[in-house]
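A short worksheet on the structure shown next.
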Amino acid sequence: MANEFADNKNIMILDHPLIQHKITRLRDKNTGTAEFRKLVNEIAMLMGYEALRDLELTDIDVETPIEKCKSPVIAGRKQAIIPILRAGLGMTDGILALLPTAKVGHIGMYRDEETHIPHSYYCKLPDPISERSIIVTDPMLATGGSAVDAIRFIKDRGGRKIKFMCIIAAPEGLRTLAEAHPDVNIYVGHLDRELNENAYICPGLGDAGDRIFGTK
Ligand code: PRP
Ligand code: URA
């Protein structure tokens, strides 16, 4: 079904059946921590397959058992994965499975429970970050505040070629992020209906950090 973001070329809402199936398992309140964690990584890997479609290739010489030929390998730009703590960490291994040589930075953010305003508490990025293609991960894009601020931190430190990957987005957060950072490609596993009065995504999956790390 068409949505308000259909014409925005920077937003990719992935509708692959495997991703949708796994998101349904994530939503289920009876899905336990171990399965939840596994699913988040699997979804990140499937999303990464799409988000990395533009990786540059270069031909190298290779000798098969039959003959010598030229064949492509991943070229050029160095990669960085930057999870937004805590929940973004749950997606890191899935993308590292595709990009084992990527460097990993970390940005710590938490939302104030009353105001829903994000606060940052940690930032450590590969240095220099300006040379790298960056994937920022966070399973949940709710108001968009955490993602907007995290990407601003990265840009302030020189980061330029940035993609953002989330498993579930609310329309409110997707709108906010796309407006704040129109140069960032955004990959979404599923676009949900809306935020509730506590700025939780509906139907959503609850608190992603608590479900990944078993803290509630
Ligand atoms: C969650 C989630 C995002 C943020 C999304 O993190 O992982 O970072 O909320 O909300 P927003 O779009 O309204 O900013 P949370 O603040 O709960 O921290 P946690 O990952 O440490 O649990
Ligand atoms: N953060 C989460 O983990 N879940 C939501 O629904 C909103 C913000």
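In whole angstrom, the stretch 63-177 maps to an equivalent ellipsoid with semi-axes of 32, 15, 12, each derived as √(5λ) from the alpha carbon gyration tensor and ordered largest first. If you sort His116, His190, His21, His181 by accessible surface, 1.4 Å probe, largest first, the order is His21, His190, His116, His181.
For Lys163, the lysines whose Cα falls under 16 Å of its own Cα, not counting residues fewer than eight places away in the same chain, are Lys9, Lys78, Lys103, Lys155. Select from Ile82, Ile151, Leu195 the residue farthest towards the positive end of the dipole of the chain; place +1 on Cβ of Lys and Arg, -1 on Cβ of Asp and Glu, and compute about the Cα centre. Going by the Cα projections, it comes out as Ile82. Charges were assigned to the Cβ only: +1 to each Lys and Arg, -1 to each Asp and Glu. The resulting dipole of the chain about its Cα centre is roughly 440 debye. For the stretch 2-213, the Cα gyration tensor yields ellipsoid semi-axes of 30, 20, 17 Å (square root of five times each eigenvalue, largest first, whole Å). Using just its DSSP H runs of length 4 or more, each adding -39500 (n - 2.57), the chain gives a mean residue ellipticity at 222 nm of -8500 deg cm²/dmol after division by all residues.
Contact order normalised by length for the chain, with contacts defined as Cα pairs under 8 Å and 6 or more residues apart; what percent is it? Relative contact order, the chain: 23 percent. Computed with a 1.4 Å probe over protein heavy atoms only, the accessible area of Leu57 comes to about 110 Å². Sorted largest first by accessible area at a 1.4 angstrom probe radius, with every protein chain in place, the residues Lys161, Lys216, Lys68, Lys124 fall in the order Lys216, Lys68, Lys124, Lys161. With the whole protein complex present, Lys38 retains an accessible surface near 120 Å², based on a 1.4 Å probe.
Under 13 Å from the Cα of Lys216, which aspartates and glutamates turn up, not counting those fewer than eight places away in the same chain? Filter leaves Asp207. Shape index of the stretch 38-129: Rg/Rh, with Rg the Cα radius of gyration and Rh the Kirkwood radius from the inverse mean 1/r over Cα pairs, equals 1.15. In the complete set of protein chains, residue-level accessible area for Ser71 is approximately 40 Å², probe 1.4 angstrom.
Selection among Leu55, Thr33, His181 by position relative to the dipole of the stretch 2-213 gives Leu55 as farthest towards the positive end (Cβ unit charges, Cα centre).
The values are calculated or read from the model by the stated rules, or taken from the named source; none is laboratory data. All figures in this text were calculated on a predicted structure; none of them were measured in a lab. Note: ideal-geometry Cβ built from the backbone for every residue, glycine included; neighbour counts use all protein chains shown. For the accessible areas, the whole protein counts, side chains as well, though only heavy atoms, and no ligand, DNA or RNA atoms are used. Shrake-Rupley method; radii C 1.70, N 1.55, O 1.52, S 1.80 Å.
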